[in-house]
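Chemist: Before I ask anything, here is the structure I am working with.
The values are calculated or read from the model by the stated rules, or taken from the named source; none is laboratory data. In this text, all values refer to a predicted model and were calculated from it rather than measured experimentally. Cβ placement follows ideal geometry from the backbone for every residue including glycine, while neighbour counts extend to all protein chains displayed.
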Amino acid sequence: MKNHGTTPQITGIYAEFQAAVIKALPRDIDQDVALGWTKNGEALARVLREALAPNSGLTTNTYPIAVDYEKNISTGGKDVNSENFPTNQKGVANIIVELIHFNYEISTENVLKEFSKMSYRPAEFHELIALDKKYPRIGCRFPVVALGSIWDRKRYCDLVPCLNKAGVGLDIIYPHKNWEVIYCFAAVRK
């Protein structure tokens, strides 16, 4: 019975926190910008989480792109092509790619589990190509991996597409058992 007094206290602290956030919001935000935030509550929640809880272990960035899934792509070396990284998607689609950076070392299995919890799927080869085309050198800050396309090379190690940190565009790499903190993962909402 001692815990009965705790819930109102936590709720009270949270209500004070909400009031402080509302009070601190800038009053000179352009109306169109404010309307944009109201229409994209998920992005607003992410920005607030990153600003107010930076050590939560997860950072995301959103990038709208148009993807032509039926386009035959060949880039980089002769092996970096849509034949080795096929898709089941059809036509042209406007999507939002989110770059998700776990601020800790993580396995491929756990990346996919986290994506599933957040209602994401890993981005594919065509999406990574479209992302690189619209936002050149996006991989300069950190390598961006698309775990939704795996080149199954039968007797050899599998490969996944990655935007290289060196800023040279698309590369193919071995999927790591544990991804170092430098890697970022491209995802698309299911």
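Chemist: If you scan region 79-111, which residues turn out to be surrounded by 15 or more Cβ atoms within 10 Å (Cβ to Cβ), assigned to a strand (DSSP E or B) and among the hydrophobic types (A, V, I, L, M, F, W, C)?
Modeler: Within region 79-111, the first condition is being surrounded by 15 or more Cβ atoms within 10 Å (Cβ to Cβ), and the residues that meet it are 80-82, 84-85, 87, 89, 93, 95, 97-102, 106, 108, 111.
With the extra rule that they be assigned to a strand (DSSP E or B), the set shrinks to 81, 93, 95, 97-102, 106.
Residues satisfying the conditions are Ala93, Ile95, Val97, Leu99, Ile100, Phe102, Ile106.
Chemist: Does region 131-146 hold any residues that are over 11 Å from Leu170 (Cα atoms) and assigned to a helix (DSSP H, G or I), and which are they? Quick ask: steps written out before the conclusion?
Modeler: Initial filter on region 131-146 (over 11 Å from Leu170 (Cα atoms)): 134-135, 140-142.
Listed by number, the residues that qualify are Lys134, Cys140.
Chemist: If you don't mind, there's one more thing I want to ask. Taking region 1-35, which residues are farther than 20 Å from Leu52 by Cα, modelled with pLDDT under 70 and either part of a helix (DSSP H, G or I) or among the hydroxyl-bearing types (Ser, Thr, Tyr) (or both)?
Modeler: Lys2, Asn3, His4, Gly5, Thr6, Thr7, Pro8, Gln9
Chemist: Out of region 45-72, which residues are touching a Ser or Thr at 6+ places or on another chain (Cβ under 8 Å) and at pLDDT below 80? Don't jump to the end; show me each part of the working.
Modeler: Here is the first cut: in region 45-72, the ones touching a Ser or Thr at 6+ places or on another chain (Cβ under 8 Å) are 46, 49-50, 69, 71-72.
Residues satisfying the conditions are Arg46, Arg49, Glu50.
Chemist: Any residue in region 95-107 that's within 20 Å of Leu128 (Cα to Cα): show its pairings with residues that are assigned to a loop (DSSP other than H, G, I, E, B) at Cβ separation under 6 Å, as long as the two are six or more apart or on different chains.
Modeler: Qualifying pairs under 6 Å: Val97/Ala123.
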